1. Which numbered condition trips up I107, out of (1) closer than 25 Å to E196 by Cβ; (2) out of contact with any strand residue (DSSP E or B) (no Cβ under 8 Å at 6 or more places or on another chain)?
2. Of all the residues that make up the stretch 215-243, how many are open to solvent by 10 Å² or more (accessible area, probe 1.4 Å) and either part of a strand (DSSP E or B) or of a type in the set (S, T, N, Q) (or both)?
3. Would you check which residues across the stretch 55-82 are open to solvent by 80 Å² or more (accessible area, probe 1.4 Å) and in contact with a strand residue (DSSP E or B) (Cβ under 8 Å, 6 or more places away or on another chain) and list them?
4. What's the total number of residues in the stretch 179-199 that are touching a strand residue (DSSP E or B) at 6+ places or on another chain (Cβ under 9 Å) and part of a helix (DSSP H, G or I)?
5. So T438 passes all but one of these: (1) more than 27 Å from L131 (Cα to Cα); (2) assigned to a helix (DSSP H, G or I). Which condition number does it fail?
6. Looking at W352, is it open to solvent by 30 Å² or more (accessible area, probe 1.4 Å) and either modelled with pLDDT under 90 or assigned to a strand (DSSP E or B) (or both)?
7. For the stretch 367-381, name all the residues that are over 20 Å from V334 (Cβ atoms) and either among the basic types (K, R) or surrounded by 13 or more Cβ atoms within 10 Å (Cβ to Cβ) (or both).
8. Does W514 satisfy being loosely packed, with under 14 Cβ neighbours inside 10 Å, free of Cβ contacts under 8 Å to residues at least 40 places away in the same chain and outside any helix (DSSP H, G or I)?
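The values are calculated or read from the model by the stated rules, or taken from the named source; none is laboratory data. All of these numbers come straight from a predicted model, not from anything done at the bench. FYI the Cβ positions are ideal-geometry reconstructions off the backbone, even for glycines, and counts take in every protein chain you see. Calculation scope for accessible area: heavy atoms of the full protein, side chains included, ligands and nucleic acids excluded. Shrake-Rupley method; radii C 1.70, N 1.55, O 1.52, S 1.80 Å.
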Amino acid sequence: MAATASVTFSYLAKKTPVQTWYTGKTIFVTGGSGFMGKVLLEKLLYSCSDLERIYVLMRPKRGKSPQTRIEDWLKLPVFKRIREEKPEVYKKLVPIPGDVTSDKLGISPEHERLLIETTDIVFHCAATLKLEARLKDAIEMNTIGTKRILDLCLQMKHLAALLHLSTAFCYCDKEVLTEKVHDFHHNPYDLMRTVEWMDEKALDTITPNLLTPHPNTYTYSKRLAEMLVRDTYSNLRVCIVRPSIVCPANAEPVEGWVDSLNGPVGIMVAGGKGIIRSMLCNGEYNAEVIPVDIAINGLITIAYTLGQMEEMPKEIPVYNITCRETKRTTWKEVLDLGKATAYEYPFEAGVWYPDGDITMNKTYHTICVMLFHWLPAYLIDFLMFCFGQKRFMCRIQNMVSEGLSLLQFFTTRQWDFKSHQYQAIAKHLSPEDNVIFTMDVDAIDTKDYLRRIILGGRQFCMKEPLSTLPKARIQLKCLYVLDKVAKAFLLYLMVWLFLTLTGLKVPVYEMLGWA
């Protein structure tokens, strides 16, 4: 306790080495409106407040200008402590109108000169995260967009560090995923030219063959982008950062903060609502997830590490932001702890009692999906139709089915990530920086973190305040009774049908004395 207090006092009294390095720096960020982007901006403003300015590449959206969008962000929970403790630093956040899918990023000549003359650090986080995106869209955003960023950075006069955000899953054909860029039989420049001239219908036709061995356009386009970054390494101080599945915040800026139902959060919410009852997943395999605040602390300290290097290594630095082998948790452990937590902190208005399971038996999974996903969905929509209400359950089940089919590639395989270079960063940080920019996942209690994920999904995505928990617990008890009654009736019906069809009904009834 005394040691913690002394460290806290130390970093309150003076700037740490990381904070000192960021002092006076001008930063350019792409993808700032995304989940990780917002947390990155908040953490930089809060913990490195003496930076000069952060330029954020942004496009107008839903009729709102980039400036209006940034002003609206301040109202979000993610910026709560900035709003309450350091509102003045928010003025350092400056939008640059543009888009990575536009030629020269769609920025004006004036803004281009400004970035070239003043930028010290670049965080390239912009990407389409849609696993089901069409190949043209994925390459346009993730690959060609990266090329445009590289072209701009090559002109920057004071660039100390460029971080390209990739994904730990971009080498699906490798049994062990190390911190290096591997060769690929496809040339990114050829693919970029192909999507420019080829008809979209023809491109969609050849997409399955092009993607092999990749399961989707996201990992494929990200792999191509890494090759572009590697090819530019001799002329740029750049590195590649690969987080695994990024999940809600553990502690910062708000416990459990999340802004979408993508990935594991969507599964937990749908499972907690009783929508998902079965999922193809190997419970013995590791759940490769990382809290967003840990990942962002990694990004900030990696930029610092890159900027401190007197001599760059021969090969481009790559950092896998993944859990240590000592902290890996299996999917079964996540399911068991997640269900126990969901029972303690239930969601409102669940469709059914949340008692789903995981399996590797495709036949059993298909039967469960038919009985517990689609049958209730059609029943609920039929009732909604009878009462003159808008039908929604079949549409939701369609979305759930598509999402699960995309995710099962990652949940039915064992991933072996090596992160020695990433883990080594903390060893070279000061004690104060290891507190402010903690990357220690070993210190996180899994059960407590799952509670934060569920409460975060409940509050920030489903907009269900904690004050509704007592009502939700009553609803959960009612669903439990309904679930048991329905299962007993279904079992009775199946046995009755079997006995009737096999002609055993009369003798069995006579034996039981029911005749």
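1. Failed condition: (2).
2. Step one: of the stretch 215-243, the residues open to solvent by 10 Å² or more (accessible area, probe 1.4 Å) are 215, 218, 227, 230-237.
Those left that are additionally either part of a strand (DSSP E or B) or of a type in the set (S, T, N, Q) (or both): 232, 234-235.
Number satisfying all stated conditions: 3.
3. Across the stretch 55-82, the qualifying residues are R59, P60, Q67.
4. 0
5. Among (1) more than 27 Å from L131 (Cα to Cα); (2) assigned to a helix (DSSP H, G or I), T438 violates only (2).
6. When the stated conditions are applied, W352 passes them.
7. Matches in the stretch 367-381: V369, L371, F372, H373, W374, P376, A377, Y378, I380, D381.
8. Yes; evaluated as a whole, the condition is true for this residue.
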